[in-house]
Every structure is written in C-alpha cells, then in structure tokens.
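Chemist: Sharing a structure, written as structure tokens. Questions coming.
The values are calculated or read from the model by the stated rules, or taken from the named source; none is laboratory data. This structure is a prediction, so every number in the text was calculated from the model and none was measured. With ligands, DNA and RNA removed, areas are computed over all heavy atoms of the protein, side chains included. Shrake-Rupley method; radii C 1.70, N 1.55, O 1.52, S 1.80 Å.
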Amino acid sequence: MLPELKITQLRYFVLVAQLKSFHGAAKQAYRTQPALSLAVRELEQKLGQALFEKGGKTELTPFGEHCLPLFQDLLAHHDRIASEVSLLARHEIGQVSIATVPSVASRLLPRLLAQFVSEHPKIQISIQDGNADSVQQLLVQGQVDFGISSVWMPDDNIDFLPILSDRVGVVCRKDHPLVAAGEQLHWSSLQAYPLVRNGTSRLLEGTQAHELLQSSLLFVSNMISLIAMLEEGIGITTLPSLAFPLGNDQLVFLPLAEPKVERQIGILCRKNRSLSPAAAELMEFLRVNIQSS
C-alpha cells in the first residue's frame, strides 16, 4: 500500500535538510521545534525508513539523500498546480471560446475585446463567426463556451439572454429611387424592385413583408458577395443595422418604417452547464458593456 504523503511534512523535511537544523527550520516555518520534529518523525514512519541520521548532527541518511530531490520536485509540481488553479479561480488565466454572428464580431467586439484583453492579458480567447444557425450548432455541440447571436431555432437546451435590439432596414445603392422615401419607407415600396435574400431575410417571415421573400429569385449567403452584388445594382436587400458595412461609400441603410422589424441579439448558453471562471468573466463583461453601448 502506498503511503499518503502530506505536503506540509514534505516541506518541513526539505527545510530541515536545506538548513541542516531543526531549530532553524522551525524558526523559518513559524512552528515550534517539537511540532516540526514530530511531523518529520511521522513522515519517517509512513515511509518505513529514517531520513536523518541519529545523533547530534542533522545529516541525511542515504535514503534521505535519495528522497530529497524527489520531494523537492514533488513540492515544485504541487506549487505550480496550486498557483495555476488559483489564477484560474481568479479568472486571471484560462481559455475561452465563443461563437458570434459576423455583425457582432466586426462592429461590437473589437473595442470591447481590446479593453478586456488589456485587463486580462493571460486569458486566451478564440472567436468563431458564422450565421445564427452555425452559432447555435457550435454551442449545442459543446465547441464553444457561449455564443452571441439571435436564436435560430427554439431549443430547450439553450438559455437566451437578450442584450440588444437591432432594427432591420433596406440596403441599396445611394442613387436608388428608394433613397427619396427616407425614414417613412413602407414594405410595399419595395415590391417594384428585385430583392436579394440573405441569411437574415427570415426576419421578415410572419410580417406584412413576407410576400417579398416569395417573389425573390436570388439568395446570397456570403456577406462579401452580397455587398458586391448590391454595389452593381442587381437589387436591394434587407439587413439588420449592425450588418450594414460601415464606411461603404456606395450603399445606404434605410430603416424600414412599416413593418418595424427588429432582431434580438443576445447571449446563448447551454442550460445547466457551468462556465469556467474565465468564460464567465468575459460573458459578464460583454453583457454589461454591449447593453450600455
């Protein structure tokens, strides 16, 4: 049967061996000499061998000399693990993986993550972006700690915490006739123009504008390709405001006044699954700062 080694007893043995004095070791350990001597004797009893020679001098036995480097390695390993666990618990180190829709990844996360990383420089963060469906799948499959997205399909295994409303509007070229309609854009005004559907077009389902989807002949899932086609004047599309490419000098975002459609952006987590301290810290940081932005 293997002996159960107590870290404290090992520390006392190593300290005595290094200082070659029970008195000096007791003083440095802030213990009485009898208490420290008792701890070493109990360690010897567990091992079944003497660690120190009998007599006035504090000298190691051959067995003690062999044990000293082993116990030093064990203590160093223990201290490394204890330190890392402590840092993990205080969310000073760790690994976090999140999934998010591209509009959040490009518009909201850069500034917020720059602040978080500056405050937690040893936390490793991995970000995967994709549409709402892929974000939800990555979360359900356990490939990410949490997601930031709208809910693609209701799922009893996912908790959804809304943090932001993102209004849907029409995106078209700046020289398009719809630009003159301004803030009072009605869905019926769109019927005369080709609509290019995209991954967010499902937000129109169940609204008065639903028939626009039925008459659309073109679907583009990739945002870069979609923007290129809109710039060529192939048609118009609908997008949440966060998905509109800022800095584009050829396109314009027109809020859809009727019907007023909003996309709810929120944090998705797996139910009944705890997050690591680092992931919990990042999630709470993003929740607070996105809501206040």
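Chemist: Can you pull the Kirkwood radius for the range 109-165, inverse mean 1/r over Cα pairs, to one decimal in Å?
Modeler: Hydrodynamic radius (Kirkwood, Cα pairs) of the range 109-165 is 12.9 Å.
Chemist: Now for a different question. Please list the non-local residues whose amide H lies under 5 Å from the amide H of residue 60, H modeled 1.01 Å from N, same-chain partners needing a gap of 5 or more.
Modeler: Amide H neighbours of residue 60, under 5 Å, 5+ apart: 53.
Chemist: In percent, how large is the relative contact order of the chain, given Cα pairs closer than 8 Å and 6 or more residues apart?
Modeler: Across the chain, relative contact order equals 21 percent.
Chemist: Treating each Cα of the chain as an identical point scatterer and ignoring solvent, apply the Debye formula and state log10 I(q)/I(0) at q = 0.12 Å⁻¹.
Modeler: -0.83
Chemist: Continuing with this model, one more query. Whole-Hz ³J(HN,Hα) for each residue in the range 144-157, computed from phi via Karplus 6.51 cos²θ - 1.76 cosθ + 1.60 with θ = phi - 60°, x for glycine and proline: what do you get?
Modeler: Couplings: 9, 6, 7, x, 10, 5, 8, 7, 6, 9, x, 9, 5, 8 Hz.
Chemist: Remind me, relative contact order of the range 163-256 in percent, using alpha carbon pairs under 8 angstrom and six or more residues apart?
Modeler: 53 percent
Chemist: If you don't mind, another one. Name the most mobile residue of 160, 244, 219, meaning the one with the largest mean-square fluctuation, in a Gaussian network model of the chain with Cα contacts below 10 Å.
Modeler: 219
Chemist: Can you send over the carbon and sulfur percentage of the accessible area for the range 172-255, probe radius 1.4 Å, protein chains only?
Modeler: 54 percent
Chemist: Name the residues whose placed amide hydrogens come within less than 5 Å of the amide hydrogen of residue 108, ignoring near sequence neighbours (fewer than 5 apart) on the same chain.
Modeler: For residue 108, whose amide H was placed from the backbone, there are no distant partners under 5 Å.
Chemist: May I ask you to list, by number, the DSSP H helices of the chain whose Cα span along the axis is at least 20 Å and whose average Kyte-Doolittle hydropathy reaches -1.0 or more?
Modeler: Membrane-span-like by this rule: 33-47, 62-89, 277-292.
Chemist: Let me know the volume per residue of the alpha-carbon convex hull for the range 34-101, in Å³.
Modeler: Taking the convex hull of the Cα positions in the range 34-101, it is 138 Å³ per residue.
Chemist: Report the convex hull volume per residue for the range 104-222, counting only C-alpha atoms, in Å³.
Modeler: Given the Cα convex hull of the range 104-222, per-residue volume reads 159 Å³.
Chemist: Moving to a separate point now. So what's the range 144-293 giving for Cα Rg divided by 2.2 N^0.38 Å, two decimals?
Modeler: 1.18
Chemist: How big is the Kirkwood radius of the range 210-277, worked out from every pair of different alpha carbons and given in Å to one decimal?
Modeler: 15.1 Å
Chemist: Turning to a different aspect of this structure: Compute the distance from the alpha-carbon center of the range 224-269 to that of the range 72-108, in whole Å.
Modeler: Their Cα centres are 37 Å away from one another.
Chemist: Still on this structure: Quick check for you: with a 1.4 Å probe and neighbouring chains kept, what is the accessible area per residue of the chain, in Å²?
Modeler: Accessible area per residue, the chain: 55 Å².
Chemist: Let me ask something else about it. From the phi angles alone, apply the Karplus equation (6.51, -1.76, 1.60; θ = phi - 60°) to the range 235-251 and give each ³J(HN,Hα) in whole Hz, x where the residue is Gly or Pro.
Modeler: x, 10, 8, 10, 8, x, 4, 5, 7, 5, x, 5, x, 6, 8, 10, 10
Chemist: Counting each DSSP H run of 4 or more residues in the chain as -39500 (n - 2.57), what helix-only mean residue ellipticity at 222 nm follows after dividing by all residues, to the nearest 500 deg cm²/dmol?
Modeler: That calculation yields -13000 deg cm²/dmol at 222 nm.
Chemist: Which residue fluctuates most in the GNM of the chain (Cα springs below 10 Å): 133, 175, 159?
Modeler: 175
Chemist: Could I ask something else about it? Quick one: pull the percent of accessible area on the range 1-65 belonging to carbon and sulfur, 1.4 Å probe, ligands and nucleic acids left out.
Modeler: 54 percent
Chemist: Also: Explain nothing, just the number: relative contact order of the range 55-201, from Cα pairs under 8 Å at least 6 residues apart, as a whole percent.
Modeler: Relative contact order, the range 55-201: 20 percent.
Chemist: So what's the range 1-145 giving for Rg/Rh, alpha carbon basis, Kirkwood Rh from the mean inverse pair distance?
Modeler: Across the range 1-145, the Cα-based Rg/Rh ratio is 1.31.
Chemist: Okay, next question. Can you list the residues, at least 5 places off or on another chain, whose amide H is less than 5 Å from the amide H of residue 237, using H built in the peptide plane?
Modeler: 171, 196
Chemist: Further question on the same structure: Quick one: with all protein chains in place, what share of the accessible area of the range 66-115 is carbon or sulfur, to the nearest percent (1.4 Å probe)?
Modeler: Summing carbon and sulfur atoms, their accessible area is 63 percent of the total for the range 66-115.
Chemist: Here's a follow-up. Please work out how many pairs of lysine residues in the chain are eight or more positions apart (or on different chains) and have Cα atoms closer than 26 angstrom.
Modeler: For the chain, qualifying lysine pairs total 14.
Chemist: With a 10 Å cut-off between alpha carbons and a GNM built on the chain, which of 278, 99, 26 moves the most?
Modeler: Answer for the Gaussian network model of the chain: 26.
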